[in-house]
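S.K.: Submitted below is the structure of interest, expressed as structure tokens.
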Amino acid sequence: MIQLKTKGRPYNIIGPIVGRVTRDPDVEAEILLVERDSPFSSLPRFKSIITPLDIGNQIDKPSVCNVQNIDHLCNGDIVVVNTDGIINTLYRINSHHNFLLLTERCNSNCLMCSQPPKDRDDIPYFYDIYTQLIPLIPKTCSELGITGGEPTLLGRKFFQLLQQLSFNLPETEIHCLTNGRAFASSNMANNLGRLSYSRLMLGIPVYSDYYQLHDYVVQAKGAFDQTIQGLYNLAKNKVRIEIRIVLHKLTIPRLPKLAKFIYKNLPFVEHVAFMALEYQGYTPHNIDKLWIDPVDYSKELSEAMHYLSDYDINVSLYNSQLCTTPQDLWQFSRKSISDWKNSYLAECNKCSVLEDCGGLFQSNMMKHSDHIKALLQKS
Amino acid sequence: MKERLTRKFLPPDIFKKSAGDTYYLLPFKFHRITSKKEVLINEVGDFLIVPVGTSALIIERKINREDHEELYADLIANFFISEQPIPALAEVLATRYRTKKSFLDYFTSLHIFVITLRCEHTCHYCQVSRVTADKSLYDMSKEHIDAGIQIMMQSPNPHLTMEFQGGEALLAFENIVYAVKRVQQEALIRDKTVTFVICTNLAPLTEDMLVYFKQNNILISTSLDGPESIHNKNRHKPFDNSYQLTIDGINKCRKELGEENISALLTTSTLSLQYPNEIVDEYVNQGFRNIFLRPISPYGFAKHNEKKNGYETAQFLDFYKKALNRILQHNLNGYFIREDYACIILKKMITPFPVGYVDLQSPAGLINSVIVFNYDGKIYASDESRMLAEMNDFTFQLGTLGYSTYKDVFYGTKSIEISEVFLNEALPGCADCAFQAYCGADPVFNYATQGDMWGHRPTSSFCQRNMEIIRYLIELMDSDKKIEKIFRNWITGKN
Amino acid sequence: MTFQISDHFLHLTIDGRLYNESIIYKCFYWYTREFTVNIDLKNETSYNISLQPISKRESSYNWGEVIERIKRDLIDFRLRDIITKETQTIKELIVAKAFAYYDTEDPLTSDVSDRVGFDPENV
């Protein structure tokens, strides 16, 4: 598990400070990490100091001292120093899986939500820190995720952040996860269309072709109609779209029919992602409604994925292990689990295809297929 | 870290739209396909195969989500019923409907130029050719070619197809060269792309011609009626072997132009109908990846002889099914070969995309998708229209090159008159037919075989033939998932 | 519905309140391939229909099979008539929406907000 958070004693922190960290005082950055007690002169260049040392009263700028641990921070990482002394890593320089969590608010309540929503208006806070963050992200960043909660709840600020991204990071691919419901309003969709943001792709879940089942899974009345209408409005505005489907007991029975529905009604989508279940968030609480061993859904998964693939719609399988996936689907399997969540079982060390396998979520170490088994090299 | 689960999870029942079990019908049609199964087809051509009597249950409100869970979900998801008077996704239905008809968007694309009537074959089903050397009488003049090009360039379609037919088109090769050059110049000015096709029996093919075709990206369409014995009986070239010339020509074209640029068509004669397997096997042996089992031309039929027509339709259907099964067998054995007529129908059934095929669309192909400029300068609504003219019936003649304007031809009295009958949505028999979305209207066929453009469906061989082919394709798909997969491969082109 | 066979003819009387004119014509249209069909209004509520085989065969025609077919077809056309009536408005709406030159979008009436509050029209 990769650490993304630490804490210390705050001094003079009036509002959240976002900055690049460095241990080297000569490097361009906003936050200096001081690890050794060595004579240093006040460095006006830096906005803030982070240190495990107890030197709070010696520093003349906002700082966090007595910090538990800063070993996880690499030079170049971008963090937010909060008024309560909590330091969150917002961007990791050595990772390919950075994302911006825009809010924890959400208008849905999916049974398998891995990031359960909070009904607290955190948008002003997040908008502030991301406005500070975006100009600092290296221009070489190849891709960035946007997630939540439900990002569109930021309303006007959502479009403003996208514009900042487009301006500051013109070469960066942006993948934004959203339930798409707000785009049932053509106002929202047209606003997004006006940005003409060709590097942006929205990842929108559709869990069934039958509205009642989809609405039940996302626990929101009217959600299916809104999402589909939203997809149409987005397509009219030439926004790039990916459909995401989480594989569990409720979505599996109609999965091949969902594939047909997508082909017939949403043929404009760029990609369809089939995702195995993460054992996190609400999922443990609802596990009886959700759990099905991946080996038991091979047939439906194969039928659905090949149907779409035959019609030249790109498909991928995420969060799955090769040993529990039918071989005809291996071509679609991606190593998708963010490095900070990824794990393998002891059994896996013997496996001949370990390199290509997506592995498991850390959270799935407690709940995974009964059939995980090393695939030994054929002699 | 414990998550505070303050949001209560609600059971599935809460998410129903209607309080009770009321639902509203969306437009759909039904038809029995076997003694046990019927097919339901909605307004945009999506179909559901269900047990016989299901349509009655649906209409009589005898189904509900508890007792018929899967069927109910299928009906909602596929737009057969709705829980609101106006479905929430009416916009989706409207968009799909518009997409289905969008083959009409840019109006006429195919322009047939009958560049000469001269021919050295004497194919017994041909109505039009003349075995003669008289160029002046039977070749299209340069003035007419120019006038035809003028009209073609006025089509609103940015993509045009210029198809040279005959007689034997290559006998007027110099005129083809002239026409192609003119069009290439015009196309540049008007910002249009033009696809050139030459229909030829390949007998007059020379090396120079092949070079020319390659340089100008010309597609070749030829006739192969089956193995040598059948082909030569159908398509007799005096003092020569038509089959051998055709095969040689096909191979040369494949070599010089590439396999994708030469295609072969089949014309079924009464003789052909007895040899479905042999004909299919011939196409496979010659390495073809597609075969078009076009229905027999009615212009060889005696007009108004319903009994004879009925018999020949039954024979054709028998031939078609046998040939189709032979083709499926080849596919199951690993050789990809597609039947094109089935493919047109299957695309309409399975894909959401528009399918324009002039002989099977509504509004009909004539004028909307195709126009014919005859060797003598006369303008016809379709290829069959000019064949009627050869039998001295000028009902579908729309004008004359050099005299008629674009407006005269496409929006003149005759055109307007034909527009009254070219929609199968508005024809008796077709208006309620379950297969309406997959079929089409053919006023010329109706007129030629039954005496009027409306046609009489119960005795129409067009109707009998298409209804049975469509029904049979549905039955096949339902019977075997392997066949369904083959059909899908045909549509996508994947092996 | 009453049936009577006489002299190479099948005569039927059909209750016009159950099967209206449109249904009867649409149904018997398809029988004109095999038969010469006559449709007459008997009185305000019923129709007299007669079918005579076109191919005049001496031996008795299998009227039993024809009658079964007629009963089935009348029901089917009645069902189709119900669909047509019930779906006329929605069908016109779909076609109108499909080919309108102007934007026929309906404004969003359902709620996409969370518990904190969100209005998509106000962005």
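The values are calculated or read from the model by the stated rules, or taken from the named source; none is laboratory data. Being a predicted model, the structure only gives us computed values, none of them experimental. All Cβ positions, even for glycine, are placed from backbone atoms using ideal geometry, and neighbour counts span all protein chains on display. What goes into the accessible areas is simple: the full protein's heavy atoms, side chains included, and nothing from ligands, DNA or RNA. Shrake-Rupley method; radii C 1.70, N 1.55, O 1.52, S 1.80 Å.
S.K.: Write down, largest first, the equivalent ellipsoid semi-axes of chain B in whole Å, where each equals the square root of 5 times an eigenvalue of the alpha-carbon gyration tensor.
M.R.: Its equivalent ellipsoid spans semi-axes of 44, 26, 24 Å.
S.K.: Check cross-link reach from residue B:233 to the aspartates and glutamates: straight Cα distance under 14 Å, and skip same-chain residues fewer than eight apart.
M.R.: B:225
S.K.: In addition: Label points 7 Å out from Cα along the Cβ direction at residue C:41 and residue B:102: separation in nm?
M.R.: 4.8
S.K.: Find how many whole Å separate the alpha carbon centroid of the range B:368-418 from the alpha carbon centroid of the range B:453-495.
M.R.: With the range B:453-495 and the range B:368-418 each reduced to a Cα centre, they are spaced 31 Å.
S.K.: Rank these by accessible area, largest first, 1.4 Å probe: B:188, B:48, B:271.
M.R.: The residues order as B:188, B:271, B:48, largest area first.
S.K.: Would you please give the residues with an amide H less than 5 Å from that of residue A:107, counting only those at least 5 places away or on a separate chain, with H modeled from the backbone geometry?
M.R.: A:150
S.K.: Right, something else. Go through A:245-257, C:3-15 and give me the packing order, highest mean Cβ count within 10 Å leading.
M.R.: For the peptides A:245-257, C:3-15, the packing ranking is A:245-257, C:3-15.
S.K.: If one takes the longest principal axis of the Cα atoms in chain A, at what angle in degrees, from 0 to 90 and to the nearest 10, does the Cα axis of helix A:123-133 lie?
M.R.: Approximately 70 degrees, to the nearest 10.
S.K.: Oh, and also: Let me confirm one metric for peptide B:390-399, namely the mean number of other chain beta-carbon atoms within 10 Å of its residues' beta-carbons.
M.R.: Neighbouring Cβ atoms belonging to other protein chains average 0 per residue here.
S.K.: Further, regarding this structure: Can you flag which of A:221/A:299; B:255/B:482; B:482/C:26; A:236/B:348 are past 32 Å Cα-Cα?
M.R.: Check vs 32 Å cut-off fails for B:255/B:482; B:482/C:26.
S.K.: For residue B:37, give me every one of the lysines with a C-alpha distance below 16 angstrom, ignoring sequence neighbours fewer than eight places off in its own chain.
M.R.: List returned: B:29.
S.K.: Pop the C-beta distance of residue C:68 and residue B:154 into the FRET formula with R0 = 45 Å and round what comes out to the nearest 0.05.
M.R.: Taking R0 as 45 Å, the efficiency between residue C:68 and residue B:154 is 0.20.
S.K.: Pop the C-beta distance of residue C:55 and residue A:295 into the FRET formula with R0 = 51 Å and round what comes out to the nearest 0.05.
M.R.: E between residue C:55 and residue A:295, to the nearest 0.05, is 0.20.
S.K.: Compute, for residue B:275, the solvent-accessible surface of its heavy atoms (probe 1.4 Å) with the complete set of protein chains present, and express it in square angstrom to the nearest 10.
M.R.: Number for this one is 80 Å².
S.K.: Another question about this same structure. Using protein chains only and a probe of 1.4 angstrom, how many square angstrom of residue A:207 are accessible, to the nearest 10?
M.R.: Counting only protein heavy atoms, the figure is 20 Å².
S.K.: In what sequence, largest accessible area first, do B:454, C:63, A:330 appear using a 1.4 Å probe?
M.R.: The ranking, largest first, comes out as B:454, A:330, C:63.
S.K.: For every helix of n ≥ 4 consecutive DSSP H residues, a contribution of -39,500 (n - 2.57) applies; sum these over chain B, divide by its total residues, and give [θ] at 222 nm rounded to the nearest 500 deg cm²/dmol.
M.R.: Taking each H run of at least 4 residues, the total per residue is -12500 deg cm²/dmol.
S.K.: Now for a different question. Of C:31, C:8, C:50, which is farthest towards the positive pole of the range C:3-95's charge dipole, taken about the Cα centre with +1 and -1 on the beta-carbons of Lys, Arg and Asp, Glu respectively?
M.R.: Towards the positive end, the residue furthest out is C:31.
S.K.: At 1.4 Å probe size, with every protein chain present, just tell me what the per residue accessible area of the range B:102-411 comes to in Å².
M.R.: 41
S.K.: Same structure, new question: Give the long-range amide H neighbours of residue B:161: residues separated by 5 or more places, or on another chain, with amide H under 5 Å away, using H modelled in the peptide plane at 1.01 Å from N.
M.R.: For residue B:161, whose amide H was placed from the backbone, the distant partners under 5 Å are B:110, B:111, B:195.
S.K.: Starting from the Cα of residue B:481, draw a straight line to each of the aspartates and glutamates and keep only those under 12 Å, dropping any in the same chain fewer than 8 residues away.
M.R.: Correct list for residue B:481: A:303.
S.K.: Taking the Cα centre of the range B:102-411 as origin and charging only Cβ (+1 Lys, Arg; -1 Asp, Glu), how large is the dipole, in debye to the nearest 20?
M.R.: Result for the range B:102-411 is approximately 440 debye, rounded to the nearest 20.
S.K.: Next up: Partner chain Cβ atoms within 10 Å, averaged over the residues of A:354-364 - can you pull that number for me?
M.R.: Partner Cβ neighbours, averaged per residue: 0.
S.K.: Just to confirm the number: angle between the C-alpha axis of helix A:223-236 and the first principal axis of chain A, 0 to 90 degrees, nearest 10?
M.R.: 80
S.K.: So for the pair residue A:344, residue B:481, with labels modelled 7 Å out along Cα→Cβ, what separation do we get in nm?
M.R.: 3.3
S.K.: Whole-Hz ³J(HN,Hα) for each residue in the range B:184-195, computed from phi via Karplus 6.51 cos²θ - 1.76 cosθ + 1.60 with θ = phi - 60°, x for glycine and proline: what do you get?
M.R.: With the stated coefficients, the range B:184-195 comes to 4, 5, 4, 4, 5, 5, 8, 6, 10, 9, 10, 9 Hz.
S.K.: Which one, A:95, A:320, A:208, has the greatest fluctuation when you compute a Gaussian network model over chain A with C-alpha springs under 10 angstrom?
M.R.: Residue with maximal mean-square fluctuation among A:95, A:320, A:208: A:95.
S.K.: Suppose accessible area is computed on protein heavy atoms with a 1.4 Å probe; arrange A:45, C:80 from highest to lowest.
M.R.: Order by accessible area, largest first: A:45, C:80.
S.K.: Under 5 Å between amide hydrogens, which residues at least 5 positions from residue A:7 or on another chain qualify, with H placed 1.01 Å from N in the peptide plane?
M.R.: Sorted by chain and number, the residues that satisfy this are A:68, A:69, A:87.
S.K.: Treating the angle as unsigned and between 0 and 90°, give the value, to the nearest 10°, between the Cα long axis of helix A:255-265 and the longest Cα principal axis of chain A.
M.R.: Its long axis makes an angle of about 80 degrees.
S.K.: Would you calculate the separation in nanometres between label points at residue A:194 and residue B:37, each defined as 7 Å from the Cα along the Cα-to-beta-carbon direction?
M.R.: Output for this residue pair reads 5.2 nm.
S.K.: Could you work out, residue by residue across A:211-217, how many beta carbons of other chains sit within 10 Å of that residue's beta carbon, and then give the average as an integer?
M.R.: Mean number of neighbouring Cβ atoms from other chains: 6.
S.K.: Explain nothing, just the number: relative contact order of chain B, from Cα pairs under 8 Å at least 6 residues apart, as a whole percent.
M.R.: Computed over chain B, the figure is 15 percent.
S.K.: To the nearest Å, what is the center-to-center distance of the range A:109-129 and the range A:318-379, using C-alpha atoms only?
M.R.: A separation of 30 Å, based on Cα centres.
S.K.: Here's a follow-up. Could you give the distance between the Cα centres of the range A:220-250 and the range C:26-66, to the whole Å?
M.R.: Spelled out, the Cα-based centre of one part sits 54 Å from the other.
S.K.: Between residue A:72 and residue B:190, take the C-beta separation as r, use R0 = 56 Å, and let me know the FRET efficiency to the nearest 0.05.
M.R.: After rounding to 0.05, the efficiency reads 0.30.
S.K.: So what is the relative contact order of chain A, in percent, for Cα pairs below 8 Å that sit 6 or more residues apart?
M.R.: Here the relative contact order equals 12 percent.
S.K.: Would you mind telling me which residue in A:349, A:179, A:66 has the biggest mean-square fluctuation in a Gaussian network model of chain A, where springs connect alpha carbons within a distance under 10 angstrom?
M.R.: A:349
S.K.: Between their Cα atoms, which of A:264/C:97; B:100/C:71; B:181/B:347; B:192/C:91; B:321/B:485; B:321/C:91 are more than 26 Å away from each other?
M.R.: Beyond 26 Å: B:100/C:71; B:181/B:347; B:192/C:91; B:321/C:91.
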